[in-house]
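The values are calculated or read from the model by the stated rules, or taken from the named source; none is laboratory data. This structure is a prediction, so every number in the text was calculated from the model and none was measured. Methodologically, a virtual Cβ is constructed for each residue, glycine included, from the backbone with ideal geometry; neighbour enumeration extends over all protein chains shown.
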Amino acid sequence: MELIARMEYLAIVMIIASGPYLSSHFVSTVERNRWPVVDAGGAAECGMGGRVRFIDSGEAAERVRSRPDCRVLTSGEHALAWVDKELAGTGAERATQRFKDKVAFREAARPVFPDIVFRELSMDQLEDFSPDLSMYPFVIKPAVGFFSIGVRTVHTPFGWTAVRRQIGHDIAAARAYFPEHMLSQTRLMIESYIEGEEFAVDGYYDAEGRPVVLNALHHRYADPADVSDRLYVSSRKIVEAIAPAARELLAAINPDRVIRNFPLHAEFRQEAGGRLVPIEVNPMRFGGWCTTGDFANFAWGFNSYELFMDSARPDWASIYRGRETQQFGLVVLDNRTGIARDEIRSFDYEALLERFSKPLHLARIDYRKFPLFGVLFVETPVGHEAELEWILRSSLSEFVTRE
């Protein structure tokens, strides 16, 4: 009976994996659980080898179409191209489109957030578009985007003049890293600027369409103009303050519970009155480049990939034990040095780690191929908060040796 139950379980779970990056924790989790994997492009080159159970794309698509209860998790944004193509017309693909396209998401969320003003803008319209004074402040971003590329907050007409010139340059420069399905190069969205602190959660809709929150992090910024993904922080206090409100919001934007067995990474702003307002919901994955999914393991000691696949929930009472006062950080080591990637000879990771009192794990990323040096997970003891303030503002130039 146990073997039959295991076979039934493996028939309703699936990983869609692709390059350009897979973390060692993600790969080892997939290997250990023997989940079936579709290589959507480059997964084998990123560490998924002989111990992984690869399945054919056609078989995988048929399995999802014939089993509406199938739980599918992608490794990240790059894998969504496979979903768009192979799962067209399925509930998973429709939910993915609803969330991935920021204009479509704002339309779907309008009944819950009628006060959020937004409009679509093409790149061709950008040069001649003159916002009405009543629109300020506002945020402009690609209609489909990733890693905060091309996202700008505009507070004044003078600021708009500068942003209008910069945003096209930013998107054009990112073409070498990200394809059209990850970063729209023709469509933009302007929306109301939402005041408040920003938070992110990983979670999923369960078999009944009810939201489950797996993580909660405070997205820290250096100043009001900062739109980077450099630093996320979590603690018991943050999880307990944000998770219940996040569950309510996720339930509100899925009122008919039609979205089921569906993982996501959502970002919100919390207004002064306590209301959470969604910024975006990223479908079929947790944080990009295995960031927040791995964070749960290194910070909290549980495996969020397994919880989704097993349709389980975190046992926070046990998780907090011994971590009641700890603060954990996720640091995205994006390249702000102003030095071109082909001009960098080396990056001193050891010197970087020495700046933190308790680093937990460092995932190095090829900075000659991508605009970041890696992802760092840290624990910040009481009294050492200054190291987080430092990394939030550092360009990382001091660790770079030029060619």
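Can you name every residue in the stretch 301-315 that is small (Gly, Ala, Ser) and in a loop (DSSP other than H, G, I, E, B)? 301, 311, 312 - these are the residues of the stretch 301-315 that are small (Gly, Ala, Ser) and in a loop (DSSP other than H, G, I, E, B).
Check whether at least one residue in the stretch 253-267 is under 30 Å from residue 322 (Cα atoms) and polar (S, T, N, Q), and report yes or no.
no
Among the residues here, residue 232 qualifies as out of contact with any Pro (no Cβ under 7 Å at 6 or more places or on another chain), at pLDDT 95 or above and either among the hydroxyl-bearing types (Ser, Thr, Tyr) or in a helix (DSSP H, G or I) (or both). Tell me yes or no: at least one residue of the stretch 318-326 is part of a helix (DSSP H, G or I), in the same structural domain as residue 358 (by TED's automatic domain parsing) and either in contact with a His (Cβ under 7 Å, 6 or more places away or on another chain) or of a type in the set (Phe, Trp, Tyr) (or both). The answer is yes, given that some residue of the stretch 318-326 is part of a helix (DSSP H, G or I), in the same structural domain as residue 358 (by TED's automatic domain parsing) and either in contact with a His (Cβ under 7 Å, 6 or more places away or on another chain) or of a type in the set (Phe, Trp, Tyr) (or both). For the stretch 38-50, a tally of residues being surrounded by fewer than 22 Cβ atoms within 10 Å (Cβ to Cβ) and either polar (S, T, N, Q) or in contact (Cβ under 8 Å) with a residue 12 or more places away in the chain (or both) returns 5. Taking the listed residues 163, 144, the one that is surrounded by 13 or more Cβ atoms within 10 Å (Cβ to Cβ) and in contact with an Asp or Glu (Cβ under 7 Å, 6 or more places away or on another chain) is 144, with no other qualifying. How about the stretch 373-401: which of its residues are under 25 Å from residue 20 (Cα atoms) and touching a residue at least 60 places away in the same chain (Cβ under 8 Å)? Once the filter is applied, which keeps residues that are under 25 Å from residue 20 (Cα atoms) and touching a residue at least 60 places away in the same chain (Cβ under 8 Å), the stretch 373-401 yields 375, 377, 396, 397, 400.
All told, residue 295 meets the bar of being closer than 22 Å to residue 30 by Cβ and within 21 Å of the chain's Cα centre (by Cα).
Of all residues in the stretch 343-397, those being polar (S, T, N, Q), farther than 29 Å from residue 324 by Cβ and in a strand (DSSP E or B) number 1. Restrict the check to the stretch 192-205 and report whether at least one residue is part of a strand (DSSP E or B), modelled with pLDDT of 95 or more and surrounded by fewer than 21 Cβ atoms within 10 Å (Cβ to Cβ). Scanning the stretch 192-205, I find at least one residue that is part of a strand (DSSP E or B), modelled with pLDDT of 95 or more and surrounded by fewer than 21 Cβ atoms within 10 Å (Cβ to Cβ), so the answer is yes.
Which count do you get for residues in the stretch 341-389 that are of a type outside the set (S, T, N, Q) and more than 25 Å from residue 45 (Cα to Cα)? Looking only at that region, the number is 23. In this structure, is residue 34 in contact with an Asp or Glu (Cβ under 6 Å, 6 or more places away or on another chain), more than 18 Å from residue 260 (Cβ to Cβ) and either surrounded by fewer than 19 Cβ atoms within 10 Å (Cβ to Cβ) or not assigned by TED's automatic domain parsing to the domain that holds residue 307 (or both)? For residue 34, the condition - in contact with an Asp or Glu (Cβ under 6 Å, 6 or more places away or on another chain), more than 18 Å from residue 260 (Cβ to Cβ) and either surrounded by fewer than 19 Cβ atoms within 10 Å (Cβ to Cβ) or not assigned by TED's automatic domain parsing to the domain that holds residue 307 (or both) - is not met.
Taken as a whole, the condition of being more than 23 Å from residue 209 (Cβ to Cβ) and outside the structural domain of residue 69 (by TED's automatic domain parsing) does not apply to residue 86.
Of the listed requirements (1) touching a strand residue (DSSP E or B) at 6+ places or on another chain (Cβ under 8 Å); (2) at pLDDT below 95, residue 1 misses just one: (1). Here the condition is being of a type outside the set (A, V, I, L, M, F, W, C), closer than 26 Å to residue 149 by Cα and in contact with an Asp or Glu (Cβ under 6 Å, 6 or more places away or on another chain); of 337, 401, 292, it holds for 292 alone.
Only one of the numbered conditions (1) among the aliphatic types (A, V, I, L, M); (2) outside any strand (DSSP E or B); (3) touching a residue at least 40 places away in the same chain (Cβ under 8 Å) is violated by residue 238, and that is (3). Any residue in the stretch 71-89 that is surrounded by fewer than 19 Cβ atoms within 10 Å (Cβ to Cβ), part of a loop (DSSP other than H, G, I, E, B), in contact with a helix residue (DSSP H, G or I) (Cβ under 8 Å, 6 or more places away or on another chain) and modelled with pLDDT under 95? No.
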